[in-house]
Amino acid sequence: MNNLLAALMFFTRLPFWRICTVPSECFRHVVSYWSLCGWLTGGVMALSFWVFSTWFPLPVAVLLALCTRLFLTGALHEDGLADFFDGFGGGRDREGILRIMKDSHIGSYGVLGLILYYLLSFSLLVSLPAPVIPWVLCVADPFCKFVCSFMLLFLPYARKEEESKAKVVYTRMSLSEWIANAAGGLLPLLLLPLSYWGMLCFPCVLFIGLGWLLKRRVGGYTGDCCGALFLLCELACWMGAVVMAYNF
């Protein structure tokens, strides 16, 4: 329970710290419960879309749903995505990439990356049939977090622990944590219509490609890379949903 609370404290801005104080060691295990946190963030986004869609046109409801998750997470993953684009766009070598990603200032690559990310996100979601959007939002968030958690299995941490921005290096998952992680990522698939299951291939393929890029360019992952990979894999999942909707 402490590990789950630590994950909710780390990945959202809700005041779970008022429930209890968790040991700092628990924050090393937050990725193990990342997909379970996706039930909250994806569920809130889906619920907010459903509520807003009863009052506003579809494009407005989609935009407000995206804003809801931004407020819920404090733009944690978006910050990582911007640093990822800045680092890999402006860095010439491993040291340069890591140095730029650690810089708290956003550069031109980060700004352009966030603009293009949200333009694509908005365009993909409004292209889906309205009744399907809540289910896609519910499923894509925890499933993509589950997929991206495999980074801990295949890649080492790219920095020294004392150089981490969050001062935390995630630990490898135990068997029980893998079971909890898999349950968090896979159980929501039961909500998804069978005709849309093909969309799940898209984030898996992208994860493999981006994992290869991280290993080749920086020799591992960082916290920023985790956030960036999640958002990009989720974007690929939404892209797959559009492909399923219009071609199958």
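Restricting attention to the stretch 198-209, does a residue exist that is of a type in the set (A, V, I, L, M, F, W, C), modelled with pLDDT under 90 and in contact with a helix residue (DSSP H, G or I) (Cβ under 9 Å, 6 or more places away or on another chain)? So far as the stretch 198-209 goes, no, none of its residues is of a type in the set (A, V, I, L, M, F, W, C), modelled with pLDDT under 90 and in contact with a helix residue (DSSP H, G or I) (Cβ under 9 Å, 6 or more places away or on another chain). Scanning the stretch 86-125 for residues that are closer than 17 Å to Gly227 by Cβ, without any contact (Cβ under 8 Å) to a residue 40 or more places away in the chain, surrounded by 14 or more Cβ atoms within 10 Å (Cβ to Cβ) and among the small types (Gly, Ala, Ser) yields a total of 4.
Pairs are defined by a Cβ separation below 6 Å, a sequence spacing of at least 6 or placement on different chains, a first member in the stretch 7-21 that is over 21 Å from Met173 (Cβ atoms), and a second member that is part of a helix (DSSP H, G or I) and not β-branched (Val, Ile, Thr); the pairs so defined are Phe16/Leu5; Phe16/Leu8; Phe16/Met9; Trp17/Met9. When the stretch 12-37 is filtered for residues that are closer than 17 Å to Leu66 by Cβ and in contact with a Cys (Cβ under 8 Å, 6 or more places away or on another chain), only Thr12 remains. Do we find that Tyr109 is modelled with pLDDT under 95, hydroxyl-bearing (Ser, Thr, Tyr) and either under 19 Å from Met199 (Cα atoms) or assigned to a helix (DSSP H, G or I) (or both) in this structure? Taking the combined requirement at face value, the residue satisfies it. Within the stretch 26-63, the residues that satisfy the criterion of being of a type in the set (A, V, I, L, M), closer than 16 Å to Leu125 by Cβ and either touching a Lys or Arg at 6+ places or on another chain (Cβ under 7 Å) or open to solvent by 20 Å² or more (accessible area, probe 1.4 Å) (or both) are Val44, Met45, Leu47, Val51, Leu58, Val60, Leu63. For the stretch 126-150, a tally of residues being surrounded by fewer than 20 Cβ atoms within 10 Å (Cβ to Cβ), over 17 Å from the mean Cα position of the chain (by Cα) and outside any helix (DSSP H, G or I) returns 4.
The values are calculated or read from the model by the stated rules, or taken from the named source; none is laboratory data. Computed from a predicted structure; not experimentally measured. FYI the Cβ positions are ideal-geometry reconstructions off the backbone, even for glycines, and counts take in every protein chain you see. These area figures cover heavy atoms from the full protein model, side chains too; ligands, DNA and RNA do not enter into them. Shrake-Rupley method; radii C 1.70, N 1.55, O 1.52, S 1.80 Å.
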